[in-house]
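Novice: Structure incoming, see below.
Since every read-out is calculated from the coordinates, none of them should be taken as a lab result. If you're wondering where the values come from, they're calculated on a predicted model, not measured in any experiment. Cβ placement follows ideal geometry from the backbone for every residue including glycine, while neighbour counts extend to all protein chains displayed.
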Amino acid sequence: MKPLIFLHARALALKPFFGKFAIVGLSGVVVNQGCLMLLMSLAGLGLKWAGAIAIELSILNNFFLNNSWTWKDRRRHRFINRFIRYHVVALISGISNYVILLVLNNEGLHYSVANLIGIGAAMVLNFFLNHFWTFEY
C-alpha cells in the first residue's frame, strides 16, 4: 500500500510542472505549425527542410519559456548545461516527431495533421526527460 501512496504523491507533485509544460508546449505548437506553413507556402521550402527548421524554432521557444517559467526554481546546472541537455532531449523527441511527420505524410495524411500527431507523440517523453534530467533538482 505504501508504494502506491508514494507513487500517487509523486504524480501529484508533477501536476503543476506538467500544466506549465503543456502551456509552453502549446506555444511551441503554434510556433512549429506557423513556421512550417510559412516556410512551405511563402518561402517555398520542401517538407524536409521546413519541418526541421520549424521543429528547431519551437525547441528554442520552449527552452526559453520552460527555463524561465516551468522549472525556474531548478538551477542545479549552469544555463549552458541546461540548454545543451534540453537540446539532447529535444533531439530525441524531435527525431520521433520528424519521423512520424514524414511517415504519416508519406501515407497520405496532410503534413499539418501529421506534424500535430508527431508533436503529441513526443510530448510525454519530452516532459519526463526534461523534468528528471535537464531541470533536475
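Novice: When you have a sec, figure out the Kirkwood radius of the range 80-125 from all distinct Cα pair distances and drop it here in Å to one decimal? Don't skip to the answer; put the middle values down first.
Specialist: On the way: mean 1/r = 0.0919 Å⁻¹.
Final number for the Kirkwood radius of the range 80-125 is 10.9 Å.
Novice: Provide the packing ranking of 64-77, 21-34, i.e. peptides ordered by the mean count of other C-beta atoms within 10 Å per residue, highest first. Provide the component values of the computation, followed by the final result.
Specialist: Values: 64-77: 15.3, 21-34: 17.2.
Per-residue mean Cβ counts within 10 Å order the peptides as 21-34, 64-77.
Novice: I've got another one for you. Using only Cα atoms, tell me the angle between helix 111-129 and the longest principal axis of the chain; keep it within 0 to 90° and round to the nearest 10.
Specialist: Here the helix axis deviates by roughly 20 degrees.
Novice: With everything on Cα atoms, drop me the angle between helix 79-106 and the longest principal axis of the chain, reported from 0 to 90° to the nearest 10.
Specialist: Compared with the principal axis, the helix lies near 50 degrees.
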